[in-house]
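Report on one structure; see the data block that follows.
The values are calculated or read from the model by the stated rules, or taken from the named source; none is laboratory data. Every value quoted in this text rests on a predicted model; they were computed, and no experiment measured them. Backbone-built Cβ (ideal geometry, glycine too); neighbour counts: all protein chains shown. Keep in mind that these areas ignore ligands, DNA and RNA; they rest on the heavy atoms of the full protein, side chains included. Shrake-Rupley method; radii C 1.70, N 1.55, O 1.52, S 1.80 Å.
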Amino acid sequence: MKELTANPMFPIALSLCVYEGFRILQRKTKISALNPLLLSIAFIILFLNIFSIPLEDYNSGGAVISMFLAPATASLALSIYREFDLLKKHWVPILVSCFVGSVTSMLSVCVLCRLFGFNEHLTASLIPKSVTTPIAIEVSSQLSGIPSITVAAVVITGILGAVISPVLIKIFKVNDPAAAGVSIGTCSHAVGTSKAVELGEIEGAMSGISIGISGIITVILALILF
Amino acid sequence: MRHLLQMSFLFFVCLAGEGLAKLLPFAFPGSIMSMFLLLLLLLSKIVKEHQIQDICDFLLHHMAFFFLPAGIGIMEKYQLLQGRIIPFLLICLLTTVFTFFTTSLSMKLIFALQKKGNDNERTDC
């Protein structure tokens, strides 16, 4: 049995089955809170714990799945290309809003961390939590944060963004798809963008471009502000 | 065959993106660099949409799935946050809501301003 679960095909098959199962569940129930990514993560963590399968065994196949993140992110270029006229038309609001969002994210982390009595290393680890992982790790270590906590914060933020963004769009009455896309990409990077892509092509394209813009803005702000 | 060709091309773009990102004086993700590179190739018409659309649309459609291992990796980091897990989650949630709110508000305000500007221009004429 141990040899079977250590085979890289096991985690891949498990991930595909679980994810597809929850995707069908969401499609049938039409409840956006039943996010397939979130539920699959919870289910597989539980599964690995119950059958005491080490994370290394999961990662043997997990690494294969993660490898597709790079070409999937690059594919956003096609969405952006299809909506390029919109991007050209709205470049001023997009640039300004990415800046406003990045500043809000970094400052609100600082204020809340102080409120909860987090020390400066923990605070520094959380400051870049709204940008995509490689940028966040770099900014975090530059501010003397703890990279592995940063990774956790980035992933949790992304998943939260993917789950709650359809609700936030309704609450804050964001009727314009471009505005919704930029907001999703700025607050929850690529994981949020995976949800934006499901909402529509304009949302996906605007969210994709915002990951890049707010990432660059966050790097520059971290150099200036801290 | 068509799909394999598209996939190999996309992987080449990604490798080129990783290489270009390494050349920058600051850390920049290779995947985002590949995104800009592919956009440039599309805009300059060196690559046509139909030459990559099957594989790109497939990956975009299933993008969330590829984040699954990253999410499961969090289980290892649980101990790092002993006793702080609730404030940690709360900070992640609240700042995400704040950021979404200010970003969308900024978009809406600028759209409204631009619209007003356009209307004024029209009345001026």
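Against the criterion of being among the small types (Gly, Ala, Ser), more than 22 Å from A:LEU95 (Cα to Cα) and surrounded by fewer than 21 Cβ atoms within 10 Å (Cβ to Cβ), A:SER140 does not qualify. For the residues A:GLY192, A:GLY200, A:GLY185, A:GLY158, the requirement of being under 17 Å from A:VAL96 (Cα atoms) and either more than 8 Å from chain B (Cβ to nearest Cβ) or buried (at least 24 other Cβ atoms within 10 Å of the Cβ) (or both) singles out A:GLY185.
Confirm whether A:PHE99 is of a type in the set (A, V, I, L, M, F, W, C), under 28 Å from A:ILE31 (Cα atoms) and either at pLDDT 95 or above or open to solvent by less than 10 Å² (accessible area, probe 1.4 Å) (or both). No: the conditions fail for A:PHE99.
Applying a threshold of 6 Å to beta carbon distances and a minimum spacing of six or more residues, or different chains, the list of pairs starting in region B:50-67 at a residue that is within 24 Å of A:ILE159 (Cβ to Cβ) and ending at one that is assigned to a loop (DSSP other than H, G, I, E, B) and at pLDDT 90 or above reads B:PHE66/A:PHE68.
Please work out if B:GLN114 is out of contact with any Ser or Thr (no Cβ under 9 Å at 6 or more places or on another chain), modelled with pLDDT of 90 or more and at the interface with chain A (Cβ under 8 Å from one of its Cβ atoms). Yes, satisfied. Considered as a group, the residues in region A:125-137 that are of a type outside the set (D, E, K, R) and in contact with a Cys (Cβ under 9 Å, 6 or more places away or on another chain) include one that is surrounded by the most Cβ atoms within 10 Å (Cβ to Cβ), and that residue is A:SER130.
The set of residues in region B:36-52 that are surrounded by fewer than 22 Cβ atoms within 10 Å (Cβ to Cβ) and within 26 Å of A:GLY215 (Cα to Cα) comprises B:PHE36, B:LEU37, B:LEU40, B:LEU41, B:LEU42, B:LEU43, B:SER44. The single condition among (1) at pLDDT 95 or above; (2) surrounded by 13 or more Cβ atoms within 10 Å (Cβ to Cβ) that B:PRO29 does not meet is (1). Yes or no: region A:45-60 includes at least one residue that is aliphatic (A, V, I, L, M) and crowded, with 21+ Cβ neighbours inside 10 Å. No, the conditions are met nowhere in region A:45-60.
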